[in-house]
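Read through the structure below, which is laid out as structure tokens, and then see the notes.
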Amino acid sequence: MKTVIFILTCIFFVTGIWAEENTEIKTQTDLSLTASTIGEIQFGLEKRIIFPYLQGESAITADNNITLKIGAEVTPISFDMVIDTVWTPAAFFNLTLGTMIGTGWNYDRKDYRLNGMGLYRFSETENPQERADGSGFDGVVWKIHFGPTLQFDLAAVVPGDWNHIIMKLDHFIYYQNYSKARGDEQWYFKSDDGINQNSFGYYFSGFLGYQMPIVLNMAGIQFESSYPFYNPQSGKSLADRQSEKIFSLIADFKFGKRFNLMVINQLSNRLKHPVTIDFDRQWRKYRVLFICTWRLEGV
């Protein structure tokens, strides 16, 4: 938690000084609404501040910059803030250092329960019984991530409105923590599967898409993989767990200069429920996401 506060303080201090000395800073503000076919809903607000940095005359370095992203996200069971600093030293490469801090609450009804945040317990018997243990605003969840992104756009080599074949690869190392969890205790956040631990992990994302100058602005496919590998509090490796994988078909529709609708159809190797100590998974249809974005400021 102290690490998160230190990073946020440094970011605001440095960007505050930079803003006073640089008149070419660009800003962008987006308002978003995310909904899904499994009943999820989230409102988001993100501010981007783009600082030109070590820009050159070649196509590779002309748009070099440091981008600060500050966002807030709210759902019916959680609230969190996200801050990312993205350094782009070349058109095909950037480095990201970011953090998230949030809290949640549970919504309990006779026929169903929404788990915003809390400890997750299950018995190691023949018929495991899941149990969520937590109350409203019962601590905080925070996460730090760092890693490189490689990206390629064919139009940078062969200019043309119809030549935007895009590839993007993300590699992030992260550490996640729930302030109430100790040792190898497991916890949930935003109604996830509830097998999180205070641990280091690795995240990979690969995207291949085609961008067009029409209403269907972009279509593509994406593969994501995420898994924890070490819990420093318990001193135990988590590498024997299967990674969570998500395969997505993505279509992005652009209406004018300020409104986008992204539709994401996902398959995932979701955990079998009730969760067992072997963390067995099976591939099945996950959800369809609808992300509406309205640009309030910027181009």
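Note on segment 229-258: residues that are assigned to a strand (DSSP E or B), within 29 Å of Glu297 (Cα to Cα) and charged (D, E, K, R) total 2. From the list Trp142, Trp162, which residue is farther than 25 Å from His273 by Cβ and surrounded by 16 or more Cβ atoms within 10 Å (Cβ to Cβ)? Just one listed residue meets the conditions, Trp142. Exactly one residue out of Gly102, Gly56 is farther than 21 Å from His171 by Cβ and in a loop (DSSP other than H, G, I, E, B): that is Gly56. Taking the listed residues Thr27, Thr67, the one that is out of contact with any Leu (no Cβ under 8 Å at 6 or more places or on another chain), at pLDDT 90 or above, surrounded by fewer than 16 Cβ atoms within 10 Å (Cβ to Cβ) and assigned to a strand (DSSP E or B) is Thr27, with no other qualifying.
Here is the figure for segment 275-296: residues that are within 9 Å of Thr37 (Cβ to Cβ) and of a type in the set (A, V, I, L, M) total 2.
Residue count for segment 24-70, restricted to those that are at positive phi and free of Cβ contacts under 8 Å to residues at least 12 places away in the same chain: 1.
When Ala181, Ala132 are screened for being in a strand (DSSP E or B), over 28 Å from Gln222 (Cα atoms) and modelled with pLDDT under 95, only Ala132 passes. Among the residues of this structure, Leu261 does not count as one that is in contact (Cβ under 8 Å) with a residue 60 or more places away in the chain, part of a strand (DSSP E or B), touching a strand residue (DSSP E or B) at 6+ places or on another chain (Cβ under 9 Å) and not small (Gly, Ala, Ser).
The values are calculated or read from the model by the stated rules, or taken from the named source; none is laboratory data. Being a predicted model, the structure only gives us computed values, none of them experimental. Don't worry about glycine lacking a Cβ; one is built from the backbone with ideal geometry, like all the others, and counts go over all protein chains shown.
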